[in-house]
1. Quick one: would you say Ile169 is modelled with pLDDT of 95 or more and surrounded by 14 or more Cβ atoms within 10 Å (Cβ to Cβ)?
2. Any residue in the stretch 99-111 that is in a strand (DSSP E or B) and small (Gly, Ala, Ser)?
3. Give the stretch 86-118 a look and list any residue that's exposed (fewer than 15 other Cβ atoms within 10 Å of the Cβ) and among the small types (Gly, Ala, Ser), or say none.
4. Considering only residues that are surrounded by 15 or more Cβ atoms within 10 Å (Cβ to Cβ) and among the aliphatic types (A, V, I, L, M), look in the stretch 122-146 and name the one that is farthest from Trp108 (Cα to Cα).
5. Output the residues belonging to the stretch 130-166 that are among the charged types (D, E, K, R) and modelled with pLDDT under 95.
6. State all residues of the stretch 107-132 that are of a type in the set (S, T, N, Q) and within 15 Å of the chain's Cα centre (by Cα); if no residue qualifies, say none.
7. Exactly one condition in (1) farther than 28 Å from Thr74 by Cβ; (2) in contact (Cβ under 8 Å) with a residue 40 or more places away in the chain; (3) under 13 Å from the mean Cα position of the chain (by Cα) is not met by Phe135; state its number.
8. Only one residue in Gln66, Gln24 is surrounded by 14 or more Cβ atoms within 10 Å (Cβ to Cβ), under 30 Å from Asp119 (Cα atoms) and at pLDDT below 95, so which one is that?
Amino acid sequence: MKAVLLLLFIGLSSTVYAQPGQWQVTLNNNWGYTVVDVPAAVEIPEISGGEGLSNWNQFNYRGMAQFLFRSSETLSFGPEIGVSRLYFWEERYIPNGLSPRYRWETVWTWFAGGLVRLDLGADNYVMTGASIHTFFNGTGTTVGIPLGAGHTIAVNDRFSIPLEFRVDIVFGDAVPIGIGGGAGVQFKL
């Protein structure tokens with residue numbers, strides 16, 4: 001974590017010396033579906049005999065900020081930070097001698113990592129990297145791999161709108177894989 005924060009600080013503080021277009025900041029929102037076996041991930045069987053996992057959804061949301069340094073005509077690299085909603089679950093259980101009760105949780109992580117982006121020409125790109133995810137509920141920290149492809153719509157020479165399709169693999173319980181697309185804003189510094 002300290003290494004990621006140091007890289008972010010050095011990267012942002014050195015933008016004063018960068019030529020226009022060498023640094024870019026991207027704020028992006030992606031929505032989609034998380035491929036995961038929810039009962040296996042939360043270790044609660046589906047409802048049976050009045051108890052168990054009664055409801056879940058696998059809606060995925062990812063909000064992120066990227067700080068990329070363009071090292072050549074086609075290659076950029078830098079840190080990425082953000083939050084990710086993976087899925088929701090609800091359990092019905094019956095305490096001894098009492099009426100049914102429910103408990104639920106929406107599983108979120110915050111993440112930080114590094115990205116490498118390869119521009120393919122005609123405003124298209126692909127990217128990959130590695131990230132560290134920490135679960136909001138305190139259940140632990142794990143690694144992830146982002147994979148993405150996108151297209152950038154230039155508004156002017158410093159501002160553009162990236163459209164992105166992304167797959168994020170989080171090596172947590174039952175390995176949730178977020179699949180989605182989204183849009184954002186991108187500024188060249």
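1. Here the answer is yes, as Ile169 does meet what is asked.
2. No, the stretch 99-111 has no match at all.
3. Within the stretch 86-118, Gly97, Ser99 qualify.
4. Ranking the candidates gives Met127 first.
5. Start the filter on the stretch 130-166 by keeping residues that are among the charged types (D, E, K, R), which leaves 157-158, 164, 166.
Once the filter is applied, which keeps residues that are among the charged types (D, E, K, R) and modelled with pLDDT under 95, the stretch 130-166 yields Asp157, Arg158.
6. Result: Thr109, Thr128, Ser131.
7. The one condition Phe135 does not meet is (2).
8. Gln24
The values are calculated or read from the model by the stated rules, or taken from the named source; none is laboratory data. As the structure is a computational prediction, the values presented were derived from the model and not from experiment. All Cβ positions, glycine included, derive from the backbone under ideal geometry; neighbour counts span all protein chains shown.
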